[in-house]
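Q: Pasting a structure here, questions to come.
The values are calculated or read from the model by the stated rules, or taken from the named source; none is laboratory data. Keep in mind that what you see is a predicted model, and the values were worked out from it rather than measured. Here Cβ is always computed from backbone atoms with ideal geometry, including for glycine, and neighbour counts include all displayed protein chains.
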Amino acid sequence: MSDSAPEPRPATAEAVPLGTGTRRWLFRPPRRHGEVDTERSVSFLELFYDLVYVVLVGQAAHTLAEDFSWRGVATFAVVFGLIWIAWLNGTLFYELHGREDGHTRSLIFVQMLLLALMAVYVGHADGDDGRTLAALYALLLALLSYQWYSVYRLDPPELRATPRRYLIVMVAGIVLIAASVPLSADARLVLWAVFVVAWSGVECAVLISWRRTPSYNVVTEPMVERFGLFLIIVLGEVVIGVVDGLSDIERSTLVTTTGLLGLAIGFGFWWNYADLVSRRMPRESGHSLATWIFAHLPLTMAVAAAGAGMVGLVEHATDHRTPASLSWLMGGSVAAMLLTLVVLLPALADYDRHPSAYKSVQTVLVVAAVVALLAGWSRPAPWLLALTLLLLLSVTWAFAFVRWLREGSLINERPAG
C-alpha cells in the first residue's frame with residue numbers, strides 16, 4: 001500500500017430539481033456593471049449573431065453598388081450607421097452583462113428575428129420600405145433598452161448615473177425613429193441621419209464622462225476581437241463585389257485583372273488593420289475608449305463602401321476613365337479608412353511604448369490618404385485606379401513593418417501586458 005495520500009475526488013455538481021434548474025437557466029438576471037468576465041472567449045452565439053449583420057450590410061452595399069450618386073452614398077452611410085449602432089448595442093451588452101444561459105440566448109434570438117426582417121427592407125430604405133424599416137428598428141431599440149434597463153435595476157445606487165443617461169438617450173432615439181415612420185422618404189433619411197450623428201455624439205460624451213476615473217476594467221480581449229470580426233464582415237463585401245462584377249459581364253484579361261486588383265485592395269485593408277489595430281488593446285480611459293469604439297463606425301463604413309464600389313470597378317474595367325462618382329467613392333473610401341487608422345492609433349494602450357514609430361506611421365497614413373483622394377479626383381482607368389490604391393495600402397503597411405523592425409519587434413506581435 002502506498003504511503004502517499006489518496007488523490008481527492010473530482011468535485012461533482014450538486015443536483016437541483018428540474019423546475020428550479022429551468023427557472024435559473026431561463027430567468028437568471030444579467031451581470032451587473034463591474035461584473036466583467038475577463039476570462040471568457042467569444043462564443044458561438046456571438047458569431048451566429050454577427051452572421052445576421054452579414055446580410056444587413058450586404059443588402060445595404062448591394063443597393064449602393066446600383067447607385068453611386070451622392071444620394072445613394074448618403075443613403076448608404078445613414079443606413080450603415082443604423083446597422084452599426086444596433087450591432088454595437090447588442091455586442092457591448094453581451095460583453096458586459098450577458099451570460100451563457102437561456103435568458104440571454106432567447107433575447108439575442110429575438111434580436112436576430114427583428115434584424116432578419118429589417119434586412120428585407122434595407123435594400124429600399126430610401127422608399128416606402130423605409131417606413132417598415134423604421135418601425136422594426138424602433139422595436140429593436142426598445143428591446144435593447146429593456147436589456148439595458150434590466151441591468152440598471154440591479155446596479156447599486158452609486159453606479160446608476162451613467163446607465164440612466166444611456167437609457168435616456170436610447171429612449172430619445174426610439175421616439176426619433178418612430179417619429180420618422182409617417183414622413184416622406186427624404187425627411188425620414190434626414191431624421192435618421194440626425195439620430196446616427198446625435199446618438200453617436202451623445203453616447204460618446206456619456207462614455208467619456210463615465211470612464212474619466214475608471215472604477216473597474218471593461219476592456220477585454222473578446223471585445224477587441226468582436227470589433228475585428230465586424231471588420232471581417234464588411235471585408236466580405238469586397239470579395240462579393242468582385243465576384244458579382246466578374247459574374248455579370250464578359251470576362252477578358254483586363255476585366256479579370258481589374259477584379260483581382262480590387263480584391264487585393266481588400267487584402268490591403270485587412271493587412272493594415274490586422275497589424276496596426278487588431279488584437280491591440282485600447283486604453284481604459286474614457287476619451288481613448290470612446291475614440292477607439294466610435295472610430296470603427298467610419299472605418300467599417302468605408303470598407304463596406306469600397307466593397308460596393310468593386311462591382312462598378314469591374315463593370316467599367318474597359319473604360320478609358322473611371323466614372324466620376326465611382327472614382328470618388330473608391331478613392332474616398334481608401335482615404336477614410338487610412339484616416340480613421342490615424343485616429344485609432346493614439347487610443348491604443350501601447351501607443352506610448354513606441355511613440356516615434358506610431359507618429360511616423362500616422363504621417364505616412366495621412367499622406368497616403370491625400371494621394372488616394374487625388375487618385376479619385378484624377379479618374380484614371382479602373383485598373384490603374386485599383387493599382388494605385390493597392391500600392392498606397394501596400395506602402396503604408398510596408399513602412400509600418402520597417403519602423404517596427406527598427407523598434408526591435410514585429411507589428412503583428414501581441415503587445416506585452
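Every residue, every condition in (1) of a type in the set (V, I, T); (2) over 29 Å from L47 (Cα atoms); (3) outside any helix (DSSP H, G or I); (4) out of contact with any Gly (no Cβ under 6 Å at 6 or more places or on another chain), yes or no:
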{"site": "A187", "(1), (2), (3), (4)": "no, yes, no, yes"}
{"site": "W192", "(1), (2), (3), (4)": "no, no, no, yes"}
{"site": "T213", "(1), (2), (3), (4)": "yes, yes, yes, yes"}
{"site": "V218", "(1), (2), (3), (4)": "yes, no, yes, yes"}
{"site": "V224", "(1), (2), (3), (4)": "yes, no, no, yes"}
{"site": "G236", "(1), (2), (3), (4)": "no, no, no, yes"}
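Q: Now a separate question. Residues that are within 24 Å of D244 (Cβ to Cβ), of a type in the set (V, I, T) and within 20 Å of the chain's Cα centre (by Cα): does the stretch 92-108 have at least one?
A: Going residue by residue through the stretch 92-108, those that are within 24 Å of D244 (Cβ to Cβ) are none.
No.
Q: For a quick check of your reading of the model, give me the residue pairs whose first member lies in the stretch 54-69 and is outside the structural domain of A305 (by TED's automatic domain parsing) and within 16 Å of M310 (Cβ to Cβ), whose second is β-branched (V, I, T) and at pLDDT below 90, with beta-carbon atoms closer than 9 Å and at least 6 apart or on different chains.
A: Note: pairs meeting the criteria are G58/I240; A61/I240; H62/I240.
Q: Further question: If you check every pair at least six apart or on different chains, which have Cβ atoms under 8 Å apart with a residue in the stretch 353-365 that is closer than 18 Å to L299 by Cα first and a residue that is among the charged types (D, E, K, R) and modelled with pLDDT under 95 second?
A: Listed pairs, sorted by first residue: V361/R403.
Q: Against the condition surrounded by 22 or more Cβ atoms within 10 Å (Cβ to Cβ), part of a helix (DSSP H, G or I) and of a type in the set (A, V, I, L, M), how does L338 come out, does it pass?
A: Against the criterion (surrounded by 22 or more Cβ atoms within 10 Å (Cβ to Cβ), part of a helix (DSSP H, G or I) and of a type in the set (A, V, I, L, M)), L338 qualifies.
Q: Restricting to the stretch 269-293, what's the tally of residues that are in contact with a Phe, Trp or Tyr (Cβ under 7 Å, 6 or more places away or on another chain) and part of a helix (DSSP H, G or I)?
A: Taking the stretch 269-293 and keeping what is in contact with a Phe, Trp or Tyr (Cβ under 7 Å, 6 or more places away or on another chain), we get 271-272, 275, 282, 286.
Narrowing further to those that are part of a helix (DSSP H, G or I): 271-272, 275, 286.
Total satisfying the criteria: 4.
Q: Ok, one more. Got a number for residues in the stretch 193-221 being out of contact with any Phe, Trp or Tyr (no Cβ under 9 Å at 6 or more places or on another chain), of a type outside the set (S, T, Y) and buried (at least 16 other Cβ atoms within 10 Å of the Cβ)?
A: Result for the stretch 193-221: 7.
Q: Ok, one more. Against the definition (in contact with a Lys or Arg (Cβ under 9 Å, 6 or more places away or on another chain), of a type outside the set (D, E) and over 21 Å from F44 (Cβ atoms)), how does Y166 come out, yes or no?
A: Values: in contact with a Lys or Arg (Cβ under 9 Å, 6 or more places away or on another chain): no; of a type outside the set (D, E): yes; over 21 Å from F44 (Cβ atoms): yes.
Answer is no for this residue.
Q: Which residue, of L113, L183, L117, L141, is in a loop (DSSP other than H, G, I, E, B) and either surrounded by fewer than 17 Cβ atoms within 10 Å (Cβ to Cβ) or touching a Gly at 6+ places or on another chain (Cβ under 7 Å) (or both)? Lay out the reasoning, then the answer.
A: On the way: L113 fails: in a loop (DSSP other than H, G, I, E, B); L117 fails: in a loop (DSSP other than H, G, I, E, B); L141 fails: in a loop (DSSP other than H, G, I, E, B).
Every option except L183 fails the conditions.
Q: Right, something else. Of the numbered conditions (1) crowded, with 20+ Cβ neighbours inside 10 Å; (2) under 22 Å from S180 (Cα atoms); (3) of a type in the set (S, T, N, Q), T91 satisfies every one except a single condition; which is it?
A: With (1) crowded, with 20+ Cβ neighbours inside 10 Å; (2) under 22 Å from S180 (Cα atoms); (3) of a type in the set (S, T, N, Q) applied to T91, the lone miss is (2).
Q: Count, please, the residues in the stretch 148-180 that happen to be of a type in the set (S, T, N, Q) and at pLDDT below 90. Even if it seems obvious, please write down each step before you answer.
A: Residues of the stretch 148-180 that are of a type in the set (S, T, N, Q), as a first pass: 150, 162, 180.
Then drop every residue that is not at pLDDT below 90, which leaves 150, 162.
Residues that pass the stated criteria total 2.
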